[in-house]
Amino acid sequence: MQAYKGILTALALAAASGIASAADEVVVYSSRIEDLIKPVFDAYTEETGVKVSYITDKEAPLMARIKAEGENTPADLLLTVDAGNLWQAEQMGILQPLDSEVVTQNIPPQYRSSSGAWTGLSLRARTIVYSTERVDPKELSTYEALADEQWEGRLCLRTSKKVYNQSLTATLIEAHGAEKTEEILKGWVNNLATDAFADDTALIQAIDAGLCDVGIVNTYYYGRLHKENPDLQAKLFWPNQQDRGVHVNLSGIGLTKHAPHPQAARKLVEWLTGEKAQGMFAAINQEYPANPNVAPSEEVSAWGEFKADTVPVEIAGKRQAEAIMLMDRAGWR
């Protein structure tokens, strides 16, 4: 809160003195923590001379703040995780189209809003993780197959309250329809070895400890743990390679409706989708660049290549309410 007040004060003083301009400052509201964004913003400032000010908070409070601030918001950009959150921001009317040919060229359409309101910056696969001690990877095939009887008492899941699982469920609805998806979810719930976990890290640790044998996680959580513990008895598996591919979501950024510095903000977004920034932004959190012309870091590349689902990620937002309803009906808590 103190940082937020500081930004407002600084911006008010700059505006009063005529110092702040579209060319020398951009303000970002970010749900990504400082450690993940500061190095990238510092690199941009060093390269261009444009200062990037930012505040960090959870996505819901940030979106509510932008809505409440209206035309008086100091925020030029909203940076957050999961296409479901970006879609929600778009529906709240707090974003405007980026209108950038550079962004359109750098980022594939499935990783951008169809209205142009936001774009992905980095990708994360939500994939299967398994015990290297108790599971033969040949036993694994698809997300759907985790509902089969062979996994009864062996599956771990993260809570349904997390948007990452809501987005995965939304894409299942898109692929199979509501009835089939509910059947899959009930199978998963029936196969749970224990209550749902609050986060993916605890889930992977549970597999390593022998509490369960398989689970579904975002790849970067695995990357963090594996870096800390190279002897981790768990490994990633890429499901659905014979059909639609692995579920992919993203972190992304949108231009606020009342951005004080829209042109400078667009230039920052364009830079963030370019090769230098993409390599940095993805590597810091062990994610995948959203720009297909940029290779992942060596550590991420070591996990192997996979075919990703090409369904537009904004489906995660459009079907979010339906997904939450089905998850609740299936008993996924």
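What follows draws every value from the coordinates through simple rules; no lab data is involved. A quick note: this is a predicted structure, and the numbers were derived from the prediction, not measured. A quick note on method: Cβ atoms are made from the backbone with ideal geometry, for glycine too, and the neighbour counts reach across all protein chains shown.
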The stretch 81-98 and the stretch 287-328 have their Cα centres apart by a whole-number Å value of 17 Å
Length-normalised contact order of the chain, Cα under 8 Å, at least 6 apart, in percent, tallies to 28 percent
Which of [x] 21; [y] 31; [z] 35 is the computed percent of Cα pairs over 36 Å apart? It is [x]
Residue-ordered couplings for the stretch 156-163, obtained by feeding phi - 60° into the Karplus form 6.51 cos²θ - 1.76 cosθ + 1.60 and rounding to whole Hz (Gly and Pro as x), are 10, 10, 7, 4, 6, 6, 7, 4
In degrees, nearest 10, the alpha-carbon axis of helix 275-284 is tilted away from the dominant principal axis of the alpha carbons of the chain by 50 degrees
Looking only at lysines whose Cα falls under 16 Å of LYS180's and that sit 8 or more positions away or on another chain, we get none
Under 14 Å by backbone N from the virtual spin label 7 Å along Cα-to-Cβ at ARG333, the residues of the stretch 175-218 are 189-190, 192-198
Restricting to aspartates and glutamates and to Cα separations under 12 Å from LYS318, and discarding same-chain partners fewer than 8 apart, the set is GLU90, GLU174
With +1 on the Cβ of every Lys and Arg and -1 on the Cβ of every Asp and Glu, the dipole magnitude of the stretch 251-305 about its Cα centre, in debye rounded to the nearest 20, is 480 debye
Sorting ASN240, THR273, ILE94 by the position of each Cα along the dipole of the chain (Lys, Arg +1; Asp, Glu -1; all at Cβ), the one nearest the positive end of that ordering is ILE94
Among LYS318, LYS138, LYS235, the residue with the largest mean-square fluctuation in a Gaussian network model of the chain built from Cα contacts under 10 Å is LYS138
Once both label points are put 7 Å beyond Cα along the C-beta direction, the ALA209-GLU101 separation in nm becomes 5.6 nm
Among LYS58/LYS138; LYS51/LYS162; LYS186/LYS235; LYS276/LYS307, the pairs whose Cα-Cα distance exceeds 31 Å are LYS58/LYS138; LYS51/LYS162
Per its Cα gyration tensor (rounded if a/c is under 1.5, else prolate when a/b beats b/c, else oblate), the stretch 123-262 is best filed as oblate
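As an exercise, use a Förster radius of 41 Å and the Cβ-Cβ distance of ALA321 and GLN242 to find the FRET efficiency, rounded to the nearest 0.05.
Numbers: r = 31 Å, r/R0 = 0.74.
My answer for the efficiency is 0.85.
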Listed with the fewest Cβ neighbours within 10 Å leading, MET280, MET63 appear as MET280, MET63
For the stretch 73-90, Karplus-derived ³J(HN,Hα) couplings (6.51, -1.76, 1.60; θ = phi - 60°; whole Hz; x for glycine and proline) come out as 5, x, 6, 8, 9, 10, 10, 8, 10, 6, 4, x, 5, 5, 5, 4, 4, 4
If unit charges are put on Cβ atoms (+1 for Lys and Arg, -1 for Asp and Glu) and the dipole of the stretch 114-261 is taken about its Cα centre, the option from HIS176, ILE253, LEU211 lying farthest towards the positive end turns out to be ILE253
Applied in sequence order to the stretch 176-185, the curve 6.51 cos²θ - 1.76 cosθ + 1.60 (Karplus, θ = phi - 60°) yields integer Hz couplings, x standing for Gly and Pro, of 10, x, 5, 4, 5, 5, 4, 5, 5, 4
